[in-house]
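What follows is a set of notes on a single structure, which appears directly below.
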C-alpha cells in the first residue's frame, strides 16, 4: 500500500475541485428550466461557470471544503489502523496543498491547528466485502447545508404527521421549507426513515453515495422520492432561495428498522456543490479506476 | 447592472431595491462567526480595519502564500449569514456599515438596522468560490489570524466587479421574507 497516501490526496483533490458528472448534468437541466432574465437563472449561470473554473484551476468548488467523510470497503484482512493513519496524513497534505480549507476547530478551545485532523476528523467508515479490491468513497459536506439538516420524531402534532408514509412526506417537505435557500440550493436530500437518532442521520448521509439519476428499488420509496422532488419544486424557493423553478435536484430515501417506541425521520441536506467521488485501488494502493 | 465603488454614500445605498444586481469594487473586510461575537462583546478593531461606509463579507476564504510570500485567495464564497443575526444589527449601527455580503439572508433585526442606519444586504452565490475568488485582486492585510484561525480571521481584500444581488434593502423589503411567505402558502396547498 505504498501508494495509498498519494492516491488519497488525489481523491481529495478531485472531490474538492470537480463536481461529479451526474450532479453537473442535473444543474444544467435546472438552468434550462429557469425563467430567462431572473436572478435565479443568473445564480445558476454563475454556478455553472464556477464548476468549470474549479476544475480548470484544480481549486475548491466551494471554500467550505466541509466535513471529510470516507467510506472504505475492503477485504477481510485490510489493516484498518494503518489505513486510518495514512488517511489522516493525506488529509493534512491535501490541506497544505490548498485542496481543503483549514477547516477543523477544537470545540472546547476554539483552536484551529490548520491540519484538519482531530477527534472525529476525518470520519472513516469501514466495511468488509468479499473481494480483493479496496474501494474508497469520499464525501465533502459543507457546514451551510449540514446546519439545515433536521430530525423529526413522529407523530408530530404541529405538522399533523402520523407514523406512516404520509407523515414522513409531511416532515420531509417541512425540512425543505425550513431550509429555504440557507443550504445553498438547489439541494439534494438524503433521508432515513427509522433507525435511532445516530444511525438515522448516518444512513441519511449514506444516501449521498447514490447517483442523482438512479431509481430506488423499493417502489414506495421510489414514489416518495419523485413526489418530494416534484412537490418541492412547486414551492418556488428556487436556487439560493431567490424564488424559481428548482428547489431540489434530487431526493434519496432509505428505510431502517426502528424500535416500536421510536419513529425518526432523519434528513440530511446536500448543497448544489455536491462533492462526492470514489476510487478502486490495487494492492499497492494505486488508483485503478474512478467510481463516479 | 449597477456598479458601486467603496466607500459608499448613504444616498447610493438608499437608492438600491430588492432584486437589483450589483457589481462592487474596492476594499472589503471578511468577518464571520468569531468576529461578530467578538465585536458584539465590545472587542476593538485595529485602526487599519475601517468598516465605516464599507462592507463586511461573511466569508472564510481559502488563502495560500505564494512563493514570494504574498497571500493569494484561492476560494472565497459567502457563508450562511443567519448565524450573525443576534449581532449584525448592532454592528451595522456601531461601525457605520453600508453593506453586508453573505448568503441565505438575515432576519428582522438586521432589516430594521438596514432601514435606520442606511445599509443593505447583498447576496452572493453560495458555493461559487472560484467565480468570486477571481474578483479578488489582492489581499491587503490580515488581522487575528493566529487568535481566530484562517477562516475566522479578518481579511482585507480588494475586489473588482464582485457580483451580488440586493435581497434586503433599506426600505424594509426582504426577498427572503417574501419567498418564505409564498413557499409556506404553496406547501399548505400541497399537503
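The table for this structure:
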| read-out | value |
| --- | --- |
| Subset of segment A:60-107 [in contact with a strand residue (DSSP E or B) (Cβ under 8 Å, 6 or more places away or on another chain), crowded, with 16+ Cβ neighbours inside 10 Å and in a helix (DSSP H, G or I)] | A:83, A:87, A:91 |
| Unmet requirement for residue A:189, which otherwise passes all of (1) in a helix (DSSP H, G or I); (2) touching a residue at least 24 places away in the same chain (Cβ under 8 Å) | (1) |
| Residues that are closer than 29 Å to residue B:68 by Cβ and crowded, with 23+ Cβ neighbours inside 10 Å, drawn from segment B:125-135 | B:128, B:129, B:130, B:131, B:132, B:133 |
| Residues being surrounded by fewer than 19 Cβ atoms within 10 Å (Cβ to Cβ) and either more than 14 Å from every other protein chain (Cβ to nearest Cβ) or in a helix (DSSP H, G or I) (or both) - total across segment A:230-253 | 1 |
| Options A:169, A:137; residue that is closer than 17 Å to residue A:252 by Cβ, surrounded by 13 or more Cβ atoms within 10 Å (Cβ to Cβ), within 23 Å of the chain's Cα centre (by Cα) and not assigned by TED's automatic domain parsing to the domain that holds residue A:88 | A:169 |
| Complete set of residues in segment A:50-59 that are outside any loop (DSSP other than H, G, I, E, B), within 7 Å of another protein chain (Cβ to nearest Cβ) and within 20 Å of the chain's Cα centre (by Cα) | A:50, A:54 |
| Test result for residue A:144, within 14 Å of another protein chain (Cβ to nearest Cβ), in a helix (DSSP H, G or I), under 19 Å from residue A:60 (Cβ atoms) and touching a residue at least 24 places away in the same chain (Cβ under 8 Å) | yes |
| Test result for residue B:54, over 29 Å from residue A:180 (Cα atoms) and modelled with pLDDT of 95 or more | no |
| Subset of segment A:152-172 [assigned to a loop (DSSP other than H, G, I, E, B) and closer than 16 Å to residue B:188 by Cβ] | A:158, A:159, A:160 |
| Lone qualifier among B:113, B:185, B:129 - being facing chain A (nearest Cβ under 10 Å), in contact (Cβ under 8 Å) with a residue 12 or more places away in the chain and more than 13 Å from the chain's Cα centre (by Cα) | B:129 |
| Residue count for segment A:100-110, restricted to those that are at the interface with chain B (Cβ under 9 Å from one of its Cβ atoms) and under 17 Å from residue B:61 (Cα atoms) | 5 |
| Residue in segment A:259-279 that is within 26 Å of residue B:177 (Cβ to Cβ), touching a helix residue (DSSP H, G or I) at 6+ places or on another chain (Cβ under 8 Å), surrounded by fewer than 17 Cβ atoms within 10 Å (Cβ to Cβ) and modelled with pLDDT of 95 or more present | no |
| Count - residues of segment A:4-43 that are in contact with a strand residue (DSSP E or B) (Cβ under 8 Å, 6 or more places away or on another chain) and outside any helix (DSSP H, G or I) | 3 |
| All positions within segment B:96-123 that are farther than 30 Å from residue A:58 by Cβ and touching a strand residue (DSSP E or B) at 6+ places or on another chain (Cβ under 8 Å) | B:97, B:98, B:99, B:100, B:105, B:106, B:110, B:111, B:114, B:119, B:120, B:121 |
| Checklist (1) within 14 Å of another protein chain (Cβ to nearest Cβ); (2) in contact with a strand residue (DSSP E or B) (Cβ under 9 Å, 6 or more places away or on another chain) applied to residue A:199, failing item | (1) |
| Residue satisfying all of: in segment B:132-149; at the interface with another protein chain (Cβ under 9 Å from one of its Cβ atoms) and under 15 Å from the mean Cα position of the chain (by Cα); nearest to residue B:168 (Cα to Cα) among these | B:132 |
| Among the residues listed as A:185, A:143, the single one being under 12 Å from the mean Cα position of the chain (by Cα) and closer than 23 Å to residue B:126 by Cα | A:143 |
| Criterion (farther than 21 Å from residue A:276 by Cα, modelled with pLDDT of 95 or more and in the same structural domain as residue A:194 (by TED's automatic domain parsing)) met by exactly one of A:256, A:251 | A:256 |
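Conditions tested, residue by residue: (1) within 14 Å of chain A (Cβ to nearest Cβ); (2) crowded, with 17+ Cβ neighbours inside 10 Å.
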| position | (1), (2) |
| --- | --- |
| B:7 | no, no |
| B:37 | yes, no |
| B:52 | no, no |
| B:74 | yes, yes |
| B:82 | yes, yes |
| B:88 | no, yes |
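Every residue, every condition in (1) more than 23 Å from residue B:12 (Cβ to Cβ); (2) buried (at least 24 other Cβ atoms within 10 Å of the Cβ), yes or no:
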position: B:119; (1), (2): no, yes
position: B:146; (1), (2): yes, no
position: B:165; (1), (2): no, no
position: B:168; (1), (2): no, yes
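The values are calculated or read from the model by the stated rules, or taken from the named source; none is laboratory data. Here the structure is a predicted model, which means the values were calculated and not measured. As a convention, Cβ positions derive from the backbone with ideal geometry for all residues, glycine included, and neighbour counts pool all protein chains shown.
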